[in-house]
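Worksheet: the structure to be examined is printed underneath.
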Amino acid sequence: MSCIFCKIASGEIPAKTVYQDDRLVVIEDINPAAPLHLLLIPRKHLINVLDLQEVDDQLIGHLFRVAAGIARERGIAEDGFRIVTNTNSAAGQSVFHIHFHMLAGRDLQWPPG
Ligand code: 5GP
Ligand code: ZN
């Protein structure tokens, strides 16, 4: 498997892991775009949201609840944060293993670039 996020999820490639369980790993982005920039990565190799099936519904719900827990723990829940998932080329997806960016710690522009 040549997928970089599969390798991070398995521990083959090191990453700054801030949370993990049987379904997810959450790591610090190597090139942060905000003071807090985490990547929520399902262990299951899905390409992006277009790859999701009904069987994945609980996984994605779990991922968002983990994100909310991290936001509360980190004290960013009240100020606010953003979760985004880039899908295919126009959105700038560069790693084709589904992941959700969690950004916080500065004012985030809307609409995004
Ligand atoms: P995308 O462009 O697919 O939405 O997001 C991919 C993200 O993964 C980028 O923000 C990039 O900085 C991050 N990234 C790519 N390779 C690595 C890596 O080896 N380790 C970590 N921690 N982040 C990575
Ligand atoms: Zn993968």
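The values are calculated or read from the model by the stated rules, or taken from the named source; none is laboratory data. Everything numeric in this text was worked out from a predicted model, so none of it was measured. Using ideal geometry, Cβ is built from the backbone for each residue, glycine included, and neighbour counts are taken over all protein chains shown. Each accessible area value is taken on the protein alone, full model and side chains, heavy atoms only, with ligands, DNA and RNA left out. Shrake-Rupley method; radii C 1.70, N 1.55, O 1.52, S 1.80 Å.
Out of the residues in region 83-108 that are under 11 Å from the mean Cα position of the chain (by Cα) and in a strand (DSSP E or B), state the one that is nearest to ligand 1 (Cβ to nearest atom).
Within region 83-108, the first condition is being under 11 Å from the mean Cα position of the chain (by Cα), and the residues that meet it are 83-86, 97-103.
Still in the list and also in a strand (DSSP E or B): 83-84, 100-103.
On the way: I83: 12, V84: 8, F100: 9, H101: 6, M102: 11, L103: 10 Å.
Only one residue tops the list, namely H101.
Check whether at least one residue in region 55-71 is in contact with a Lys or Arg (Cβ under 6 Å, 6 or more places away or on another chain) and either aliphatic (A, V, I, L, M) or within 16 Å of ligand 2 (Cβ to nearest atom) (or both), and report yes or no.
Yes, region 55-71 has at least one match.
Quick check, is K16 modelled with pLDDT of 95 or more and surrounded by 15 or more Cβ atoms within 10 Å (Cβ to Cβ)? Don't jump to the end; show me each part of the working.
Values: modelled with pLDDT of 95 or more: yes; surrounded by 15 or more Cβ atoms within 10 Å (Cβ to Cβ): no.
In short, no.
Any idea which of A90, A34 is open to solvent by less than 50 Å² (accessible area, probe 1.4 Å) and among the small types (G, A, S)?
On the way: A90 fails: open to solvent by less than 50 Å² (accessible area, probe 1.4 Å).
Residue meeting the stated conditions: A34.
Counting only residues that are over 15 Å from V84 (Cβ atoms) and without any contact (Cβ under 8 Å) to a residue 60 or more places away in the chain, how many does region 32-65 have?
Going residue by residue through region 32-65, those that are over 15 Å from V84 (Cβ atoms) are 35, 42-47, 50-59, 61-62, 65.
Next cut, without any contact (Cβ under 8 Å) to a residue 60 or more places away in the chain only: 42-47, 50-59, 61-62, 65.
Total satisfying the criteria: 19.
Output the residue which, of all residues in region 1-31 that are touching a helix residue (DSSP H, G or I) at 6+ places or on another chain (Cβ under 7 Å), under 19 Å from R72 (Cα atoms) and without any contact (Cβ under 8 Å) to a residue 40 or more places away in the chain, is farthest from ligand 2 (Cβ to nearest atom).
Checking each candidate, the answer is I27.
Looking at I13, I47, I4, which one is over 12 Å from the mean Cα position of the chain (by Cα), more than 26 Å from G113 (Cβ to Cβ) and within 11 Å of ligand 1 (Cβ to nearest atom)? Give the steps one after another, and end with the answer.
Numbers: I47 fails: more than 26 Å from G113 (Cβ to Cβ); I4 fails: more than 26 Å from G113 (Cβ to Cβ).
Sole residue among the options that is over 12 Å from the mean Cα position of the chain (by Cα), more than 26 Å from G113 (Cβ to Cβ) and within 11 Å of ligand 1 (Cβ to nearest atom): I13.
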